[in-house]
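Have a look at the structure below before the remarks.
The values are calculated or read from the model by the stated rules, or taken from the named source; none is laboratory data. This is a predicted model, so every value here is computed, not measured. Here the Cβ positions follow ideal geometry from the backbone for every residue, glycine too, while neighbour counts run over all protein chains shown.
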Amino acid sequence: DFQMTQSPSTLSASVGDRVTITCRASQTISGYLAWYQQKPGKAPNLLIYQASSLKTGVPSRFAGSGSGTEFTLTINSLQPDDFATYYCQQYTSIRSTFGQGTKLEIK
Amino acid sequence: QLQLQESGPGLVKPSETLSLTCTVSGASTSSTDYYWAWIRQPPGKGLEFIGTIYHSGSAYYNPSLQSRVTISVDTSKNQFSLNVKSVTAADTAVYYCATTGPDILTGYYDSWGQGTLVTVSS
């Protein structure tokens, strides 16, 4: 199966900062990688699919990159609304798997 | 616009069966455009894929849950359902229904229900 490992688990940053979250797969997943944002008490919200394609309506300060086994989510110029938990998901396998999450906190 | 709504008991006793239903609006569960999935999230923890089903009834499960889980689709009611048998406290979680597209290119979850908390306790 495909294990997904995110780092860091927690990230402290300030409004206006640029942050990067990494997601590593246990084996190659080509570009079948999605990123989600989740706020407390809410369902996850798709941000990026196919590693770097921005979902319509998602602000352009969110960017994804990577291929194979290593992927990154970058958020440029953090806004107050961006403080949340972020998950990666591989969908190379129909039995998809998620990373353990990265909580982005206000410094 | 596709919308999903989970329903079912919020409290289940240990060793019993957890049963949830997801009602779909804005799309048909008989459509070839979607897979219908269940995902759960224990309190304070991450997301876990439970399983997914196609309109044909072909289902795929998380290997760690496969022996206890059944997902079914009812195209006449435009619903799909989840059963988890022999539950324990470890099955306490928010359960989400969600959809993906029909192939590997669209295997991300673009639509989600709001989630329903199921607690396993006597």
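Which of the residues that make up the range A:4-24 are in a loop (DSSP other than H, G, I, E, B) and either basic (Lys, Arg) or at pLDDT below 95 (or both)? Full working, then the answer.
The first filter runs over the range A:4-24 and keeps only residues in a loop (DSSP other than H, G, I, E, B), leaving A:8-9, A:14-18.
Once the filter is applied, which keeps residues that are in a loop (DSSP other than H, G, I, E, B) and either basic (Lys, Arg) or at pLDDT below 95 (or both), the range A:4-24 yields only A:Arg18.
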Subset of the range B:60-87 (residues that are within 10 Å of chain A (Cβ to nearest Cβ), surrounded by 18 or more Cβ atoms within 10 Å (Cβ to Cβ) and either in contact with a helix residue (DSSP H, G or I) (Cβ under 8 Å, 6 or more places away or on another chain) or of a type outside the set (Phe, Trp, Tyr) (or both)): B:Asn62
Subset tally (residues that are hydrophobic (A, V, I, L, M, F, W, C) and either part of a strand (DSSP E or B) or buried (at least 21 other Cβ atoms within 10 Å of the Cβ) (or both)) for the range A:77-107: 4
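This table checks each residue for (1) closer than 28 Å to A:Lys55 by Cα; (2) within 14 Å of the chain's Cα centre (by Cα); (3) assigned to a loop (DSSP other than H, G, I, E, B).
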{"site": "B:Thr23", "(1), (2), (3)": "yes, yes, no"}
{"site": "B:Gly44", "(1), (2), (3)": "yes, no, yes"}
{"site": "B:Gln66", "(1), (2), (3)": "no, yes, yes"}
{"site": "B:Leu82", "(1), (2), (3)": "no, yes, no"}
{"site": "B:Leu105", "(1), (2), (3)": "yes, no, no"}
{"site": "B:Tyr108", "(1), (2), (3)": "yes, no, yes"}
{"site": "B:Ser122", "(1), (2), (3)": "no, no, yes"}
The one condition in (1) aliphatic (A, V, I, L, M); (2) away from chain B (no Cβ under 12 Å); (3) under 24 Å from B:Thr106 (Cβ atoms) that A:Ile48 fails to fulfil: (2)
Residues satisfying the stated conditions in the range A:10-44, i.e. crowded, with 16+ Cβ neighbours inside 10 Å and free of Cβ contacts under 8 Å to residues at least 24 places away in the same chain: A:Ala43
Unmet criterion (only one of (1) over 19 Å from B:Trp112 (Cβ atoms); (2) touching a residue at least 40 places away in the same chain (Cβ under 8 Å)) for A:Gln89: (1)
